[in-house]
Structure formats: C-alpha cells, structure tokens
Amino acid sequence: MEGVRPGGGPPAGGPGSGSGSGSGSFPSLFPPGLHGIYGECRRLYPDQPNPLQVTAILKYWLGGPDPLDYVSMYRNLGNPALNVPEHWHYVSFGLSDLYGDNRVHEFTGTDGPSGFGFELTFRLKRETGESAPPTWPAELMQGLARYVFQSENTFCSGDHVSWHSPLDNSESRIQHMLLTEDPQMQPVQTPFGVVTFLQIVGVCTEELHAAQQWNGQGILELLRTVPVAGGPWLITDMRRGETIFEIDPHLQERVDKGIETDGSNLSGVSAKCAWDDLSRPPEDDEDSRSICIGTQPRRLSGKDTEQIRETLRRGLEINSKPVLPPINAQRQNGLNLDRAPSRKDSLESESSAAIIPHELIRTRQLESVHLKFNQESGALIPLCLRGRLLHGRHFTYKSITGDTAITFVSTGVEGAFATEEHPYAAHGPWLQILLTEEFVERMLEDLEDLNSPEEFKLPKEYSWPEKKLKVSILPDAVFDNPLH
C-alpha cells in the first residue's frame, strides 16, 4: 500500500519529519545512500526541493511488499531546441543501498555497486492540462523492483521486459519495456557504493520483438530518431498509436539488415518448457530429468545454476564470444542468498530436494529427445536458430516452473557438453542440444509457421525422425500441471 505526499527525500525520522524536509537544512538526518541520490535530483531540479513522492507505507525491511521506499516525481520542461516535450520524471529509491546497515542490502564496501547498483527512472509525456503526475508509473517501478529482489537478476542498458499488458492498464499499445541509461542523471558515488540510473522506456509489441530478434540497443537508437516514439530522451507517450515501423517503414529494413549482420544478442529466456528422454522409459530410475538420492529428485547443482544463470543474466548484453559462461567455483548455489531472508534465487526450486554436487553427476548422452514449449516460448525458436545458432552462438530456455533447462548450441560454441558425435546430452535436468548449420536451416523451413501465431492451433508437433528429435508446442495449462 502506498501514499502520495510532498517531500524532497525523507529524513530518517520518516515521512513528514521536520518542516524543512528537502530544503538542505537537515542533511544529517537523511540516510546517507538516499542523500546521495537526492543530491543528483537536486542538481537537475533545484527549483523543486519538495516533489510529490509515492512512499511505501510499510517499508520492505519491516515486512511490507514494496521494495522501493520512495518514488519521487518531478516536472521536466523538456528541451524545445532538441524537440523534447514536457514530461514527468520519476526516480526510484531502494534498489540501491540507502541505509548501509544491512537492513535491506548487504554492505560490501564503497568500491563496488551500492545494493543492486542502480535505481530506476521513467519519463512520461505530460498531457495538456495535467497538473499532477499520474502515480501508476510508481507501481510499475515497484513491480520491476519486486522481480529484481525476488530473482536477484539485475538489469542492464539494452535489456527488455516482456510485460504483455498496457503499462497504465488502459487500451494503449505500449505494453512492454526496454531499459537504457537515463539521459540526464549521472552515476552517483555514495558511502555504500556506486549508483547508476536506468530509464524505463515503454514500447509496442512489434518493437519488443525487434529488440529480441536483433538487440535492445539497436531499437533504442531507432526510437531516439522518431520524436513521437521517444525522441532523444526516450520519453514514453502512452497515447502513441503507431509503431516506429508504421511511422517510418524504412526502419524495418535497418532492423532486418542488423539481424542478418549481427544476429541476436538475446542469449536466454525464462520460459515454460520441458523435455523428455525418448531413448529410455520415463519410469527408469536414472531418468535424466530426475536423478534421485533416496526419494528426493535431483535439483540443479550450484555450478550448473551459476552457468545457466550467467546466460540469463546477460539478457541483451553484447556477447561476441561463442562460449558458454564459465562456471565460477567460488560461488555456491547461484548468488549469495543471505542478503535478506525474503530473497530467493530465481533458479532455485521451491522444493526441499537435495542438491547433488556437480562433480558427482555424470553427463548422459541421449539418443532421442522430445522438447516441449508453450506458444510464447515456441515463438522464440526461430530467433534462437536464425539469430543465435547461425551466428555461432548459444541460446538457453530456463523453466519458470522447475529446474529444467534447455540450451541450444552451435558447433562453434566452446564449453558445451553436447558434441557433434553426441548432439543430445544431459547434466541432470539440464539438456544441451547441438545443431549443425545444415539442420538449423532445415528446421527454420519446417518451423516457418511459428512466425504467424494468429494462424496457430495448439497443440502443434514437429518431428525429424532421422535426427530423433521432436518439438511440441502446447497450451500453457500443460506446464501449470506438475505431471506434464
């Protein structure tokens, strides 16, 4: 639950403490991390010492649901010379370490990132006659912050967020997000580390798909060239009714050329997926999906988790070397889980099953496999094949409902346990599939109808008997049932 109040950064005593809040009279009362961020806001908005704020009534560190303590909302006059319209500028407080006392973030020193190392910003075009900023962006930012706190996956410039709903719960076409550096806010050095500012940019579904197929940075640059779609400061206009490709059809040619030249920088996604080893009966005690100790199913080991996690964490980050992320033996079970009791590694199972050490799990070569995806995940298979494998890269699907992971690799990828001699290999619930360029080209032809979801009827099955590979596209409900 949140409240809206004026205030230029809350003193340590809480909202409303002191009549001079935000005036510079009480700097010693400000939590040091918050004071550093607020100083950057004051640099940009010296005439707005007391902006409206959305504040979490029950703070996260007191058991509340909202990780962001505050979201400040400023009125930005834009820059007519640059064709930047007037807009509302939102700034979060809470993804970085505001307090330095381990109540939310583990203090790790001043040289590295503060907390998660960033705060979120958002620029929303101001409507004519609008006297106060809408508060829905604050809830949007809280939603993204919850994802970061729960998964410990941080964001980078160029990342995308598939939201699948109008950001303001209207009928808008702006239903997804890209992330980029805020054009005005500079990184801040606080007593608890460095804080950068990542700006949320609202985009249409077609623009999200282009970012997935090519890369987020490329689409952001195109948005900057179209004033009504963001312009140089990438301001979100929820009333925008056309994509950049409808506004300027030539931009699609630039995207197509970029995909052909660069491939895709999307190296992995969380998805609804599963796989079966068709070369042995499912009830076999050594089924690759469930190696058991006693009666407890095997979970991904810490090293497996870290390697898959590195793939997903990179998101749209530039990945020029066709090498699977190295396993870091110094880190156990993914990221440190002791930063706050409520945090859970997004790759950890909900079950209490035992984790078998990485070294004790033998890699199994499989003769025949059956891959299962929901429609949204299946629609990314052509991207995986054309944008990744044909460019000598890899692509990972990590199940959001369990420990299953599927990694497609090309013949040029180093560090894979699937080989040309044994193209299907499993390490516990992690399956790797090595595909030759010739087979990728054939699969792209056979899977062409995945590019037309409006004509798609579920379930759908594709099979390559001589390769002993089968792919099924199934309804979401199949994956919601643990007995799928």
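The values are calculated or read from the model by the stated rules, or taken from the named source; none is laboratory data. Quick caveat: nothing in here was measured; it's all calculated off a predicted structure. Every residue, glycine among them, receives a Cβ derived from its backbone with ideal geometry; neighbour counts consider all protein chains shown. Ligands, DNA and RNA are excluded from the accessible area calculation, which covers all protein heavy atoms including side chains. Shrake-Rupley method; radii C 1.70, N 1.55, O 1.52, S 1.80 Å.
So, restricting to strands (runs of 3 or more DSSP E) that lie completely within the stretch 375-475, which ones have at least 3 residues that are in contact (Cβ under 8 Å) with a residue 24 or more places away in the chain?
Ranges flagged: 394-399, 405-409, 424-427, 430-434, 469-474.
Could you tell me whether the stretch 64-83 includes any residue that is under 20 Å from CYS156 (Cβ atoms) and either at pLDDT below 95 or within 22 Å of the chain's Cα centre (by Cα) (or both)?
yes
Does the stretch 113-127 contain at least one residue that is at negative phi, assigned to a loop (DSSP other than H, G, I, E, B) and open to solvent by less than 40 Å² (accessible area, probe 1.4 Å)?
Within the stretch 113-127 (the criterion being at negative phi, assigned to a loop (DSSP other than H, G, I, E, B) and open to solvent by less than 40 Å² (accessible area, probe 1.4 Å)), the answer is no, since none of the residues qualifies.
Does PRO453 satisfy the condition of being more than 21 Å from ARG386 (Cβ to Cβ) and in the same structural domain as GLU414 (by the TED database)?
Considered against the rule, which asks whether it is more than 21 Å from ARG386 (Cβ to Cβ) and in the same structural domain as GLU414 (by the TED database), PRO453 comes out as no.
Keeping to the stretch 461-480, report how many residues are surrounded by fewer than 16 Cβ atoms within 10 Å (Cβ to Cβ) and touching a Leu at 6+ places or on another chain (Cβ under 8 Å).
2
For the stretch 141-258, list the helices (runs of 4 or more DSSP H) that sit wholly inside it and hold at least 3 residues that are open to solvent by less than 10 Å² (accessible area, probe 1.4 Å); which are they?
Filter on the stretch 141-258 gives 205-213, 216-224.
Any residue in the stretch 404-418 that is open to solvent by 10 Å² or more (accessible area, probe 1.4 Å) and within 25 Å of GLU376 (Cα to Cα)?
Yes: one or more hits.
So for the stretch 43-53 (the condition being open to solvent by 20 Å² or more (accessible area, probe 1.4 Å), assigned by the TED database to the domain that holds GLY231, part of a helix (DSSP H, G or I) and at pLDDT 95 or above), does at least one residue qualify?
Within the stretch 43-53, one or more residues are open to solvent by 20 Å² or more (accessible area, probe 1.4 Å), assigned by the TED database to the domain that holds GLY231, part of a helix (DSSP H, G or I) and at pLDDT 95 or above.
Yes or no: the stretch 416-439 includes at least one residue that is within 15 Å of GLY392 (Cβ to Cβ), acidic (Asp, Glu) and either outside the structural domain of GLY378 (by the TED database) or at pLDDT 95 or above (or both).
Scanning the stretch 416-439, I find at least one residue that is within 15 Å of GLY392 (Cβ to Cβ), acidic (Asp, Glu) and either outside the structural domain of GLY378 (by the TED database) or at pLDDT 95 or above (or both), so the answer is yes.
Please enumerate the residues belonging to the stretch 97-112 that are within 22 Å of GLU181 (Cα to Cα) and open to solvent by 50 Å² or more (accessible area, probe 1.4 Å).
Passing the criteria: THR110, ASP111.
Is it the case that THR236 is of a type outside the set (Asp, Glu) and at pLDDT 95 or above?
Spelling it out, THR236 is indeed of a type outside the set (Asp, Glu) and at pLDDT 95 or above.
If a residue must be of a type outside the set (A, V, I, L, M), surrounded by fewer than 24 Cβ atoms within 10 Å (Cβ to Cβ) and outside any strand (DSSP E or B), how many such residues does the stretch 70-95 contain?
5
What pairs can you find where one residue is in the stretch 226-242 and within 21 Å of GLN252 (Cα to Cα) and free of Cβ contacts under 8 Å to residues at least 60 places away in the same chain, the other is among the aromatic types (Phe, Trp, Tyr) and open to solvent by 20 Å² or more (accessible area, probe 1.4 Å), and their Cβ atoms are less than 8 Å apart, with a gap of 6+ or different chains?
none
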